[in-house]
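Contents: one structure, followed by commentary.
The numbers here are math on the coordinates, done by the rules we state, and not lab data. The structure displayed is predicted, hence computed values, not measured ones. With ideal geometry, Cβ positions are generated from the backbone for all residues, glycine too; neighbour counts draw on all protein chains shown.
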Amino acid sequence: MPDPIHFYEPRAGHGLPHDPFNAIVGPRPIGWISSHDSAGTLNLAPYSFFNAFNYVPPIVGFASIGYKDTVRNVQQTGEFVWNLATRELAERMNQTCAAVPPEVDEFTLAGLTPVPSRLISVPRVGESPVSFECRVTQIVQLQGADGAQVPTWLVLGEVVGVHIARVLLKEGIYDTGAAGHILRGGGPADYFTIGPEQLFRMHRPR
């Protein structure tokens with residue numbers, strides 16, 4: 001009888017049509033990060049390795065596989081903005097994935113509006129209903145268990161300003177189900193959405 005569990009060592013390959021790691025650790029929030037370099041050239045790029053890591057102070061982070069424009073920019077300025085990617089904005093978010101030269105402004109490429117932030121110099125995406133203004137706290141090049149560095153950079157930032165469309169605040173509580181969040185996961189082109197039908201409540205034991 002064949003083993004009901006598929007086991008593999010990542011260093012030896014998974015032996016499947018598509019790497020299951022990204023599909024298992026998901027769906028994942030999208031880090032739609034706006035930044036600019038020291039000369040003010042804008043950049044907007046989505047990162048599928050993104051999440052929140054602390055409450056007080058609020059800290060979010062994203063990982064860039066390869067030393068890309070965004071990492072260079074945040075090292076130069078110490079600032080970035082996370083913008084919520086929604087179902088309505090999905091196609092334009094996808095356009096900002098394009099591999100274009102650093103001088104190309106993805107805001108213009110995707111038909112998006114850069115809106116000034118309150119506390120930092122990096123603009124937010126005007127069409128996005130939620131944005132976090134962030135100041136960089138750490139940039140860490142990752143390493144394997146053997147201590148060897150890998151070409152991936154983890155960027156952590158403290159959220160110093162939060163923008164929320166008032167329509168998403170229902171009696172003062174943020175309505176995740178109504179916001180239209182999109183999430184990355186599954187195969188090479190798979191995304192997910194969040195809606196009210198996915199909601200269930202479970203209180204912590206006292």
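Here are the numbers for this structure:
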{"quantity": "Separation of alpha-carbon centers, the range 73-87 and the range 41-71, rounded to whole Å", "calculated": "7 Å"}
{"quantity": "Computed helical MRE - 222 nm, the chain, DSSP H runs ≥ 4 contributing -39500 (n - 2.57), nearest 500", "calculated": "-3000 deg cm²/dmol"}
{"quantity": "Förster-model FRET efficiency, 35 Å R0, ALA165 and GLN138, C-beta, rounded to 0.05", "calculated": "0.70"}
{"quantity": "Sites matching chymotrypsin sites (Phe, Trp or Tyr not before Pro) across the range 1-85 that sit in DSSP coil, with at most 10 neighbouring C-beta atoms within 10 Å", "calculated": "PHE7, TYR55"}
{"quantity": "Positive minus negative residues near GLN95 (Lys, Arg vs Asp, Glu; Cβ under 13 Å)", "calculated": "-3"}
{"quantity": "Summed side-chain charge close to LEU112 - residues other than LEU112 whose Cβ falls under 14 Å, Lys, Arg +1, Asp, Glu -1", "calculated": "-3"}
{"quantity": "Local electrostatic count at ARG184 - Lys and Arg +1, Asp and Glu -1, tallied over other residues with Cβ under 11 Å", "calculated": "0"}
